[in-house]
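The structure appears right after this line, and notes come after that.
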Amino acid sequence: MGHGRRVMGQGGERMRFSATMVAAGFLLLAACKPEPQPMKTIRHSERVFGTTPEGVEVHLYTLQNLHGMRATITNYGGIVTSLLVPDRTGRPGDIVLGFDSLEGYLRGSPYFGAIVGRYANRIAGARFTLDGHAYRLAANDHGNTLHGGVRGFDKVVWDAIPFADSTRSGLRLHHVSAAGEEGYPGRLDVTVTYEVTDANELRITYHATTDKATVLNLSHHGYFNLAGRGSRSIIGHELLLAAERYTPVDAALIPTGELARVDGTAFDFRTATPIGDRIDADDRQLRYGKGYDHNFVVLGTPGTLRLAARVRDPESGRTMEVLTTEPGIQFYSGNFLDGTLVGKGGATYGHRAGLCLETQHFPDSPHHVNFPTSVLRPGQAFRSETIYRFAAQ
Ligand code: GLA
């Protein structure tokens, strides 16, 4: 579904204009009465990105608005491969980390720009019990399961349908996760929709249903560097997190179950603070994460769209706001990046070259009754929305 469909932008791309044609056009225009303008449609386009080892051709879809914002997304893993956002002078820069080719992602990616699921972040011991049944999951992180297991939603080819109207351009991605995939129960039907809106937003909506009770946690794993791709570390970015509490972890980055107050700690981002100010503080939690790699409890009512985070790069003037209906947000300061990955345009992604703000249910929720439930049952529909909103000043 959706493969091979060609959706070109509004004319233009393949036309060559000569000076004579332009002159003739002006003469023609002068001779005619002005026609009513057709409604402006935001453009989108599609091209081949590559072929998976299984022989499936995957595509790149470009969504853009009329203000210079452009997202390029592949249906392999639902990965946002580039996100162009203007700086305060209007110059566009690519503010996400990733690779130039599909091979880069296939060789091994720390979830750059991907949709993560069936369960974003970790489930301890790669097992959980639901309705009296014990389920064993694929363990891919020191005996725990991380981001869906060995072949999570970041590594599947999604069916894709692009669409556009006068205010947004979008891509609807659909995947059916078979019962038993990576150990999870139930056949899960998932739709993730990306939209680039007129208000300089990348809007992501998630919808899922199941035929048997399962646990579910869907997120987007974009690595942002608001200065432009990987040019320097994100420690100078100023971060605000709308959170009074976070979920401390053990040495394996599994939540202890505590909802700890941020007051007086390096985790208090209630007023905007440069990320580097306290990242090397003498704090056990920061040692466990090798920096920030923690879930924050977003203020306000889960299910309602509200501000979770705001980041600003003082040099480019770019800001990003994250709004979500999810109960939590994982702030990961790119601590595992070590300069060994060569990304787009030959950029070397060094330590903390990008930051992630992953909206989510809390990690390891199946083992903590005091966390918002991540259980989805037949007859229920999981719905969730996250907006990354950009500005520059
Ligand atoms: C999440 C996790 C991190 C790490 C990254 C990917 O943010 O919390 O510990 O696994 O994904 O490298």
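The values are calculated or read from the model by the stated rules, or taken from the named source; none is laboratory data. Because the structure is a prediction, the values reported are computed rather than measured. Every residue, glycine among them, receives a Cβ derived from its backbone with ideal geometry; neighbour counts consider all protein chains shown. When the accessible area is computed, the model is the full protein with side chains, heavy atoms only, and any ligands, DNA or RNA have been set aside. Shrake-Rupley method; radii C 1.70, N 1.55, O 1.52, S 1.80 Å.
Descriptive notes on the structure:
- Of the residues making up region 254-268, just one is closer than 27 Å to residue 312 by Cβ and either hydroxyl-bearing (Ser, Thr, Tyr) or in contact (Cβ under 8 Å) with a residue 60 or more places away in the chain (or both), namely 265.
- Any hit, region 327-336, residues being of a type outside the set (Phe, Trp, Tyr) and in contact with a Pro (Cβ under 7 Å, 6 or more places away or on another chain): yes
- Region 347-365, subset more than 12 Å from the ligand (Cβ to nearest atom) and over 18 Å from the mean Cα position of the chain (by Cα), residue modelled with the highest pLDDT: 365
- Pairs, first hydroxyl-bearing (Ser, Thr, Tyr) in region 312-333, second within 14 Å of the ligand (Cβ to nearest atom) and outside any strand (DSSP E or B), C-beta under 6 Å, six or more apart: 333/291; 333/292; 333/352
- Selection from region 142-162 of residues that are part of a strand (DSSP E or B) and free of Cβ contacts under 8 Å to residues at least 60 places away in the same chain: 145, 146
- Restricting attention to region 276-310, the residues that are open to solvent by 60 Å² or more (accessible area, probe 1.4 Å) and either within 16 Å of the ligand (Cβ to nearest atom) or of a type in the set (Lys, Arg) (or both) total 5.
Yes/no per residue for (1) in contact (Cβ under 8 Å) with a residue 24 or more places away in the chain; (2) open to solvent by 10 Å² or more (accessible area, probe 1.4 Å):
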{"residue": "74", "(1), (2)": "yes, no"}
{"residue": "104", "(1), (2)": "yes, no"}
{"residue": "140", "(1), (2)": "no, yes"}
{"residue": "168", "(1), (2)": "yes, yes"}
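Table: residues versus (1) small (Gly, Ala, Ser); (2) open to solvent by 10 Å² or more (accessible area, probe 1.4 Å); (3) not in a strand (DSSP E or B).
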position: 331; (1), (2), (3): no, no, no
position: 345; (1), (2), (3): yes, yes, yes
position: 352; (1), (2), (3): no, yes, yes
position: 378; (1), (2), (3): no, yes, yes
position: 389; (1), (2), (3): no, yes, no
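- Residue tally, condition of a type in the set (Gly, Ala, Ser) and open to solvent by 50 Å² or more (accessible area, probe 1.4 Å), over region 181-204: 1
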